[in-house]
Amino acid sequence: MNAPTPSLRLRRARWAVAALFWLNGATIASVVPRYPLVKDNLDIPNAFFGLALAVGPFGALIAGAFTSPLLRRFGSARVATWAQVAQVVFAGLVLNAPNPWLFAAFVFLMSSVDVYTDIAMNSHGLRVQRGYGRSINNAFHAFWSFGAVCGGLVGAFFAGIALPLPWHALGFGALLILINVLLRPHLLPGHDKEPDAQSDAAPPARVPRAMWWPLIALGLIAAFGASIEDAGFSWSALFLRGDLGASPAVAGLGVVSLVGAQTIGRLTGDRLVDRFGNRRVAQVGCTLGAAGMGLALLFPSVPLVLIGYACAGWGVATIVPAVYATADELAGLPHGAGLVVVNWILRLGFVIMPPLVGFVSDATSLRIALIIMPVAMAAIVALSGHLRGRVRGQGSLVEVTP
């Protein structure tokens, strides 16, 4: 069945959603290349730094419990754009924290509002995808990755020229907020789904027992996929600079390498998923990604590690979009509940992974700790049977075989 021709309103909304994904990626990634400077300024050891990063996802776990009711009350467009403004503000405070404890507090707040942006922009993007009647969700996530590339390059450039952190926060933050204000009128009005008897029959927080294992499996896949991104965002600059002696500017290219390859994977991901299915794409991508990053850790050098991060980013490119699309279309759940559950598990992974890497790196080395990357990709391959969704037309449900 041919997909319907999208209206002008729907096409404008598609580009507005893409811009929102770009903003979210650029905001977070612009901070990462400045982490070594912040860490040095505040004299933060690896273990505390890992714990501080884990505090952020813990805040997201708490905030995530309120996301589904907020989406139903205010709509995904309003929630996503206001949360994105707050995230830009808190990102600036993270860069300019006066002591380690306030650094951890601002990371907590930045991640708490990020969960609202994350779930709301995905919900809105999936609403647009239903209107298109074919897969476009990977392309939205490609814009997130492209935004992360842009933000990472900006952060690396600012690190290279030693731009003071307050100027970084004010200048780039003002640009991001301006773009957010301009895109807001082009998002779709109203709510994502009209209430119906099935969605209103169960309380928002209640998930049928039979749905828990599929949701947990999907959440684990998302958590393992996101842990690859986290390893790039949180530790790549520190690994390249501290273990391999890269300059500050080159050290910032670790996250750029990962998300750059991820962007390519997501731009081509919709066609691959439509042709081969999410399971096959996940299996091939994560197998190649694990091999590339594993070789980089076995024979570490700056060029090979950058290539390894690129392999990892390409390998997990379609994972989180596939999980979100599948969870959002599972039958028998209140609107937003599937996204909230898998996002909660994803964020729980963020709570566990950074301090785990920090403690292992303090006890051994960061190189040893980063073995978590190929291990996580192997786990995705093992669980990939839960990714079988395809968009078959407007209003259709995704077929899922646990």
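Quick note: the coordinates plus some simple rules give every number you see, no bench work behind them. What you are looking at is a predicted structure, and each value in this text was computed from that prediction instead of being measured. Note that each Cβ is placed from the backbone with ideal geometry, even for glycine, and that neighbours are counted across all protein chains shown.
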Kirkwood-Stokes translational diffusion coefficient of the stretch 225-276, alpha-carbon pairs, 37 °C, 0.692 mPa s, µm²/s:
272
Set Lys and Arg Cβ to +1 and Asp and Glu Cβ to -1, take the dipole of the chain about its Cα centre, and tell me which of Ala52, Thr318, Leu176 lies farthest positive.
Thr318
Could you give the size of the charge dipole of the stretch 238-288 about its Cα centre, using +1 on the Cβ of each K and R and -1 on the Cβ of each D and E, expressed in debye and rounded to the nearest 20?
200
Quote the relative contact order of the stretch 12-126 in percent (integer), defining contacts as alpha-carbon pairs under 8 Å separated by 6+ residues.
39
Sort the following peptides by mean Cβ neighbour count (other Cβ atoms within 10 Å, averaged over residues), highest first: 215-221, 70-76.
215-221, 70-76
If contacts are Cα pairs under 8 angstrom and at least 6 residues apart, what is the relative contact order of the chain in percent?
27
Suppose each label sits 7 Å from its Cα in the direction of the beta carbon; what would the Ile62-Ile216 distance come out to in nanometres?
2.6
For the stretch 245-385, give the magnitude of the charge dipole about the Cα centre (Cβ charges: +1 Lys/Arg, -1 Asp/Glu; no others), in debye to the nearest 20.
200
At what distance in angstrom do the alpha carbon centres of the stretch 214-245 and the stretch 1-67 lie from each other?
13
Karplus 3J(HN,Hα) series, Hz, for the stretch 158-167 with 6.51 cos²θ - 1.76 cosθ + 1.60 (x for Gly, Pro):
4, 5, x, 9, 6, 5, x, 4, x, 5
Which of the peptides 57-67, 313-323 is most tightly packed, and how do the rest follow, going by the mean number of other Cβ atoms within 10 Å of each residue?
313-323, 57-67
Angle between the Cα long axis of helix 302-315 and the longest principal axis of the chain, 0 to 90 degrees, nearest 10?
10
Could you give me the ³J(HN,Hα) list for the stretch 21-29, computed from phi with Karplus coefficients 6.51, -1.76, 1.60 and θ = phi - 60°, whole Hz, x at Gly and Pro?
4, 4, 4, 5, x, 5, 4, 5, 5
Largest-first principal axis extents, alpha carbons of the chain, Å
57, 40, 37
With the dipole of the chain worked out from charges on the C-beta (+1 for Lys and Arg, -1 for Asp and Glu) around the Cα centre, which of Trp213, Ala13, Pro33 lies farthest toward the positive end?
Ala13
Dipole moment magnitude, nearest 20 debye, the stretch 1-159 about Cα centre, only Lys, Arg, Asp, Glu C-beta charged:
960
If we sort 160-167, 142-149 on the protection proxy, mean other Cβ atoms within 10 Å, highest first, what's the order?
142-149, 160-167
Considering the options Pro248, Gly277, Gly131, tell which one lies farthest towards the positive end of the dipole of the chain, charges being +1 on Lys and Arg and -1 on Asp and Glu at the Cβ, about the Cα centre.
Gly131
What whole-number volume per residue, in cubic angstrom, does the convex hull of the C-alpha atoms of the stretch 244-392 give?
120
Modelling each spin label as a point 7 Å along the Cα-to-Cβ direction, I'd like the Ala363/Phe74 distance in nm, to one decimal.
4.2
Calculate the spin-label point distance for Arg9 paired with Ser301, positioning each point 7 Å from the Cα along the beta-carbon direction, and give it in nanometres.
5.8
Karplus-derived 3J(HN,Hα), 6.51/-1.76/1.60, for each residue of the stretch 48-60, Hz, glycine and proline x
5, 4, x, 5, 4, 5, 6, 4, x, x, 4, x, 5
